[in-house]
Amino acid sequence: MGLTASCHCGAVTIELVEAPDSLTECNCSICYRYGALWAYGTAQTITVNAQADALRHYCWGDKCIEFYHCQRCGCLTHYESVEKRCDSRVAVNARMLPPGDIQALKIRRFDGADSWQFLD
C-alpha cells in the first residue's frame with residue numbers, strides 16, 4: 001500500500017510506493033535539531049512532486065546528503081544523496097505523513113552522534 005506525504009502548505013508531496021516497516025530517529029547533530037522521523041526508500045520507490053521553486057536544499061559536513069525544505073512553509077520534507085542514481089537512498093520525513101499512517105510503526109533509534117549503530 002502506498003503512502004503520500006505532504007508539507008504543511010501542500011507545495012511538496014512525496015509518494016512512497018509502500019509503507020515502511022519501521023521509522024528511524026537519529027541523534028546526529030542535524031537530525032536531532034530537525035526532529036525528523038525517517039522512512040527510507042530509493043529513487044525508484046519514492047517520488048517527490050514539488051511546485052516550481054518550492055524546494056531548497058541544504059548540505060553540510062562531507063556534502064554527500066542534501067536535506068530538502070519547502071521554501072514556502074519551511075517543512076523539512078526529505079533528504080537525498082548528492083549522487084542522483086536510481087538506487088540511491090531517499091529518506092522521507094515521516095512527520096509529513098498523516099499521523100494515522102505511522103502510529104503503529106516501530107521507531108528505531110540510531111546513534112548517529114557517536115557509535116553509528118542502532119540502539120534498539
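Computed from the coordinates by the stated procedures, all read-outs in this text should not be read as laboratory data. The shown structure was predicted, so the numbers you read here are calculated from the model rather than taken from an experiment. Here the Cβ positions follow ideal geometry from the backbone for every residue, glycine too, while neighbour counts run over all protein chains shown.
In table form, for the structure just shown:
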{"read-out": "Spin-label pair R85/C64, simplified geometry with 7 Å Cα→Cβ offset, distance in nm", "value": "1.2"}
{"read-out": "Over the chain, relative contact order from alpha-carbon pairs under 8 Å, at least 6 apart, %", "value": "30"}
{"read-out": "Per residue Cα convex hull volume in Å³ - calculated over the chain", "value": "105"}
{"read-out": "DSSP-assigned coil residues among trypsin sites (Lys or Arg not before Pro) in the stretch 18-108, each with at most 12 further Cβ atoms within 10 Å", "value": "K63, K84, R85"}
{"read-out": "Restricting the stretch 49-92 to GluC sites (Glu not before Pro) in coil, as DSSP defines it, with at most 13 other Cβ within 10 Å", "value": "E83"}
{"read-out": "Order of V82, V48, V90, V12 - criterion: other Cβ atoms within 10 Å of each residue's Cβ, fewest first", "value": "V82, V48, V90, V12"}
{"read-out": "Computed E for H8/T47 - FRET, C-beta separation, R0 30 angstrom, nearest 0.05", "value": "0.95"}
{"read-out": "Per-residue [θ]222 nm for the chain (sum of -39500 (n - 2.57) over DSSP H runs n ≥ 4, rounded to 500)", "value": "-1500 deg cm²/dmol"}
